[in-house]
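One structure is given below, encoded as structure tokens.
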Amino acid sequence: MDTLKERIYKDGIIIGDNILKVDSFINHQIDTKLVDDLGKYFATKFKGVNKVLTIETSGIAFAIGVANHFDFCPLVFAKKSGSATLDTSNVYQTSVASFTKKVVNNVYVDKRFISKGDKILIIDDFLAEGNALLGLIDICKQAEAEVVGCGIIIEKGFQAGRKKVESLGIRVESAAIVDHFENGKVILK
């Protein structure tokens, strides 16, 4: 995706050795044209999807863009914390370690929203170690839903996430892949 790659080169900020900050267009301020472009992009990569699944919060906007291009199919997002309105006796639950925040979250999806036989496309903003995807895949397995694939906005190709997910036989498509950081610059594949 050339538009995404241009934005990464122009506006991405490298923090430390392995963090790419893209808050000016992906996860604090959101480029809505990019949301739609990425929705179209992933709709060309996957077929047969009847639900899109993501994890709160940064993936939600892009998952909406994707769901819109699958005939406005439902978008389900896993919640990172319980609430008074969430019946925790009727949820799929798993634990997900956050690479950037260095915490482990219990995440939940109400059983009413993912069903046996659903064909799920998982969307997330970043793929690093693969923990969020593995947690969402676990939720789909609990529901006996089929994971059609995983669509990633930005993948850190130098980390193990893709290998972990593909080792489960699940297809991963990334709109942009960071090969490495060099002299304060992002090098994309």
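Positive end of the charge dipole of the chain (Lys, Arg +1 and Asp, Glu -1 on Cβ, about the Cα centre): tell me which of Gly117, Phe46, His180 has its Cα farthest that way. Of the listed residues, the answer is Gly117. Between helix 2-11 and the chain, what is the angle of the helix's C-alpha long axis to the longest principal axis, kept within 0 to 90° and rounded to the nearest 10? Relative to the chain, helix 2-11 is tipped by roughly 60 degrees. For Lys5, the aspartates and glutamates whose Cα comes closer than 19 Å to its Cα, not counting residues fewer than 8 places off in the same chain, are Asp23, Asp31, Asp36, Asp37, Asp124, Asp125, Glu155, Glu173, Asp179, Glu182.
Charged side chains reduced to their Cβ positions (Lys and Arg at +1, Asp and Glu at -1) give region 52-121 a dipole of some 220 debye around its Cα centre.
For the chain, the longest principal axis of the alpha carbon atoms and the long axis of helix 131-143 meet at an angle near 20°. Protein heavy-atom surface of the chain, 1.4 angstrom probe: 49% of the accessible area is carbon and sulfur, with nucleic acids and ligands not counted.
An ellipsoid equivalent to the chain, defined through the eigenvalues of its Cα gyration tensor, has semi-axes of 26, 18, 15 Å when rounded to whole angstrom and sorted largest first. For region 89-124, the set of trypsin sites (Lys or Arg not before Pro) satisfying both a DSSP loop assignment and a count of at most 16 other C-beta atoms within 10 Å is given as Lys101, Lys102, Lys111, Arg112, Lys116. For region 61-116, the direction-averaged projected area of the alpha-carbon convex hull comes to 5.1 nm². Under the convention that each Lys and Arg Cβ holds +1 and each Asp and Glu Cβ holds -1, the size of the dipole of the chain around its Cα centre is about 240 debye. Over the residues of the chain, the helix contribution to mean residue ellipticity at 222 nm works out to -8000 deg cm²/dmol, using -39500 (n - 2.57) for each DSSP H run of at least 4.
Note that region 23-65, at 4 °C in a medium of 1.567 mPa s, gets a Stokes-Einstein diffusion coefficient of 119 µm²/s from its Kirkwood radius over C-alpha pairs. Comparing region 102-189 with the 2.2 N^0.38 Å rule of thumb, its C-alpha radius of gyration ratio is 1.19 (two decimals). For the chain, the longest principal axis of the C-alpha atoms and the axis of helix 32-45 are separated by about 70°. Remark: the chain carries 49 Å² of accessible area per residue (probe radius 1.4 Å; ligands, DNA and RNA excluded). Relative contact order for region 1-152: what percent, with Cα pairs under 8 Å and sequence separation of 6 or more? RCO, region 1-152: 21 percent.
The values are calculated or read from the model by the stated rules, or taken from the named source; none is laboratory data. Computed from a prediction, not measured in an experiment: that's the story for all the values here. Heads up, the Cβs are rebuilt from the backbone with ideal geometry, glycines too, and the neighbour counts pull from every protein chain shown. Areas reflect the complete protein model, heavy atoms only, side chains present, ligands, DNA and RNA absent. Shrake-Rupley method; radii C 1.70, N 1.55, O 1.52, S 1.80 Å.
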